[in-house]
């Protein structure tokens, strides 16, 4: 087909449909570019910055980049791995991530990134800033201690008439996630569950649900995040 | 439904993209907005309440509580600090009986810090209920607060007018222009409408070609060729296009646009018409920072004159089919909105978060239409280029940097103010021109630029050597570099939009590390960490703010390493400097115990 | 040749990490072939009697005594390892870190459900013998230099075993994906 383009990632020849975003194009070629904010089918935010790759020598986020013919992409170099690790460590110290007590532990994508990049300890000091928990809605509670401001919920979870149920409040390091109580209370059980699943960390939680999967049978207990992409897809 | 919210929303045609204006108007009446207002506005505009709060909470002048009768915003820029901000802040706290960030118990005064308000040539300066109070002394603080307590209005306390148009009926401001040097382009002799009269004899392509030939580059700092930007915009698909003028000069240390907007706004509006004509824009928008709200009525009156003269409106400038008008969009206190895509987002009533690119604004901009965003100074230059020709313009400046540049010079200089120079002047010459002696460092281009020392003063101001948006902060021998760096780093923390994880929090981590060194607790590793972590900021972030937020740290370590080294413990690689006495201080006091630790 | 000497302690921890050390099962017999223990709850030696090669620290520092013990370990151990989430980031005790210390003491001794009626004289523990609580719970590496970190709550027995063997033998440390976990 005409609209197929060729590009390379770390020297590996890849093909994809023109104008596919790079995270997904890589995925189709069996290469995992790590990301925390990207959500398939939703307009990319480019906010977590973990999918940073180098294209023709420039740093770009893969989720906001569309592949074009002849693109030369570096992803798994030491320099980029180090950058990703630093971002992950920044996210760990900027919140209050008490993994042992978290409902999402084992299924959490931030934690899985910590595992993938073998973070034994963040290099930055912990700040332990106070963050508010909002449990005022009937089906969900919002634990801002764990929020990484990826905006997945802001971008994808809408009311029936298209209004945002989640939004950001404040700016900079004081920015937090905010939930519209009225709209949240109109969510169905399925929608509430979907909201919890959309959140990469344990910040949006379905009430009366947690610690469902026993240790050993959780998403990231045995295999690193992204391994399903790198294992299952065979390159053409 | 309160009638205030209702009428304000109707005034803006129930248009959600005008949310900035809606909040501005309501906030002016109420001083603060709460859940009730968010819900009311949201219901009317078809948004959720948290979406309204999302915009509201982003902007400094929205989110700060200004329900007091007198709301005082004191500039906390570096130069304000250098000129004695600390004493002024103390005087305000003492005389109002309240602290910064709160309202006095009698409800009369609120005190707020605020990022650079564009008055670096007359610091310390404050904004009180929208009125600028420059050159404040402790005497003046006491006087103001006493008179306010006695019932005087803010306007009653305007006791002098700055020169030039600051005297005009619609401004009446104490701000002075400090236009210290007129040059051959921006502040040369100006006969209004000379260029507008020529416009009907030129095709839009000819205007673009002339600007391209002049080699004019954007004056905001990035230096993108203006003609090329216009060309890209006209070649993007779509009939409707917009021209936005960036008058959000928020880079601490810059104030040149303030002087243009005061003295020669006709030239700017003329430039906006020329640009609008060149790209066949439907509308021009002047995005004006809230700090310059005191100029708004004056500027609107001039726009009215333009409409009456036929320069704006249907068949503007006598050109059949050129239906073009200009409106003013107020900002609300956010440095990042100076980034062109953030400025577009803000103009659409949203948080000023920079967009991902591509697509670029020239492709998908304001209301998703192709849009050109130009700096104030750029558009002023355009008028003279069309009037006098590209060759005339190109003859000035250096090989790669044509024309003149407005410098905003402040800090430890005899004559702070605006200077129009030809590109190619050296820093040494510049310092001599502004009357600066015993200079330790110059911050070229504001906090996002470079901090240079004497060994670089021979360098020249132009794109091939030292590019700059024009903010020049002169730092005298007696200053401590780390205080400079701390102020700038705090500024970036305050102004980060928070979208990119590294910008949001790595800035805080850098500041804390810097503080450890300032507190005399630093060791060699802390210095290495600052460099290593700071370097990541350049790579990791989306926009110019995030990419340059570590520049003060990085360029100061590069050029003033000894100032760090004198503060750190020598020969020691690692030390946490954990202080047990400090860690048990509170609990000991609380249980009534005095430890012998 | 004398065997490397290991010391262990539990600061503000729950002894779960020490339990996990015991979780190496029959390899414990190999362990005592490999190393000797000095100061440790395992052998109940209370004070250091010799310089040690490896110190394993469980728990973060929540009071002045924790700080003294940790500094003592730093002084007496060539290599110091933070074992478990509490040592690494404060762990569950650090949940109090964004609550003012006054409020914590109030809740614990004056207003808490178990002390409200049991402490009519409103006494806050304040005996010279007692350690003083710190303003927050500190990860160990914010107080002294820590050489290695073994995350987990508790760290998996295999992680502790692999790490110890690598440290003692000088062999390369191999960490299978499944042994490094934060919970």
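A few notes on this one:
- Residues listed by number, segment C:1-18, amide nitrogen under 17 Å from residue C:78 label point at 7 Å toward C-beta: C:1-8
- Remark: relative contact order (chain A) = 21 percent; criterion is Cα-Cα distance under 8 angstrom and separation of 6 or more residues.
- Inter-chain Cβ neighbour count for B:538-544, averaged per residue, equals 5 (cutoff 10 Å, partner chain atoms only).
- Residue-averaged beta-carbon neighbours from other chains (10 angstrom radius) around B:41-50: 5
- Its relative contact order, with pairs defined as Cα atoms under 8 Å and 6+ residues apart, puts segment A:164-203 at 26 percent.
- Zone of residue A:133's modelled label, taken as backbone nitrogen in segment A:192-219 under 15 Å from a point 7 Å along Cα→Cβ: A:202-211
- Residue-averaged 222 nm ellipticity for chain C, from DSSP H runs of 4+ at -39500 (n - 2.57), nearest 500: -7500 deg cm²/dmol
- Between residue B:304 and residue A:58, the simple label model (points 7 Å from Cα in the Cβ direction) yields a spacing of 4.6 nm.
- Going from the residue with the fewest nearby Cβ atoms within 10 Å to the one with the most, B:224, B:187 rank B:224, B:187.
- Between helix A:78-94 and chain A: long-axis angle, C-alpha atoms, 0 to 90°, nearest 10: 10
- If you plug the beta carbon distance of residue A:3 and residue B:67 into 1/(1 + (r/R0)^6) with R0 = 60 Å, you get a FRET efficiency near 0.55.
- Estimated [θ] at 222 nm from DSSP helical runs (n ≥ 4, -39500 (n - 2.57)) normalised by residues in chain A, nearest 500: -6500 deg cm²/dmol
- Projected label distance in nm at residue B:367 and residue B:315, using a 7 Å step from Cα toward the beta-carbon: 2.4
- Mean separation of Cα pairs under 8 Å and 6 or more residues apart, divided by the residue count, gives segment B:70-159 a relative contact order of 35 percent.
- Here the spin labels are modelled as points 7 Å beyond Cα on the Cα-Cβ line, and at residue B:531 and residue B:138 they lie 4.2 nm apart.
- The separation of segment B:470-541 from segment A:104-118, counted between C-alpha centres, amounts to 29 Å.
- Against chain B, whose longest principal axis comes from its Cα atoms, helix B:226-235 is set at around 60 degrees.
- Our note on the geometry: Cα centres of segment B:90-131 and segment C:18-33, 65 Å apart.
- Among the residues of A:122-134, the average count of other protein chain beta-carbon atoms within 10 Å of the residue beta-carbon is 5.
- This ranking places C:40, B:80, B:102 by how few other beta-carbon atoms lie within 10 Å of each, fewest first, which gives B:102, C:40, B:80.
- DSSP finds beta bridges in the protein assembly as shown, and of those with both partners inside it, around 50 percent are antiparallel.
- Building the convex hull from the alpha-carbon atoms of the protein assembly as shown and averaging its projection over directions returns 46.4 nm².
- Estimated FRET transfer efficiency when R0 is 22 angstrom, pair residue B:394-residue B:188 (beta carbons, to 0.05): 0.85
- Highest mean packing first, where packing is the average number of other Cβ atoms within 10 Å per residue, the peptides A:141-151, B:330-340, A:221-231 line up as B:330-340, A:141-151, A:221-231.
- Chain B - mean residue ellipticity at 222 nm from DSSP helices (-39,500 (n - 2.57) per run, n ≥ 4, rounded to 500): -12000 deg cm²/dmol
- Distance between segment C:162-183 and segment A:172-200 - C-alpha centres, whole angstrom: 39
- Counting DSSP beta bridges with both ends in segment B:404-478, the antiparallel % (nearest 5): 75
- Percent of beta bridges antiparallel (DSSP, segment C:1-75, rounded to nearest 5): 20
- Label point 7 Å beyond Cα of residue A:161 along Cβ direction - residues of segment B:9-41 with amide nitrogen under 20 Å: B:9-19, B:35-41
- On Cα atoms only, tilt of B:507-518 relative to the major axis of chain B in degrees: 50
- For segment A:4-76, the percent of C-alpha pairs falling in each 10 Å distance bin, counted from 0 to the bin holding the largest distance, reads 23, 60, 17.
- Subtracting the Cα-Cα distance of residue B:458 and residue B:6 from 0.36 nm times their residue separation leaves 156.7 nm of extension gain.
- Computed FRET value (nearest 0.05) for residue B:32 with residue C:50, which takes r as the C-beta separation and R₀ as 56 Å: 0.25
Read the figures in this text as sums done on the coordinates, not as results from a lab. What you see is a predicted model, and the numbers here were worked out from it, not measured in a lab. Cβ coordinates were reconstructed from backbone atoms using ideal geometry, including for glycine residues, and neighbour counts include every protein chain displayed.
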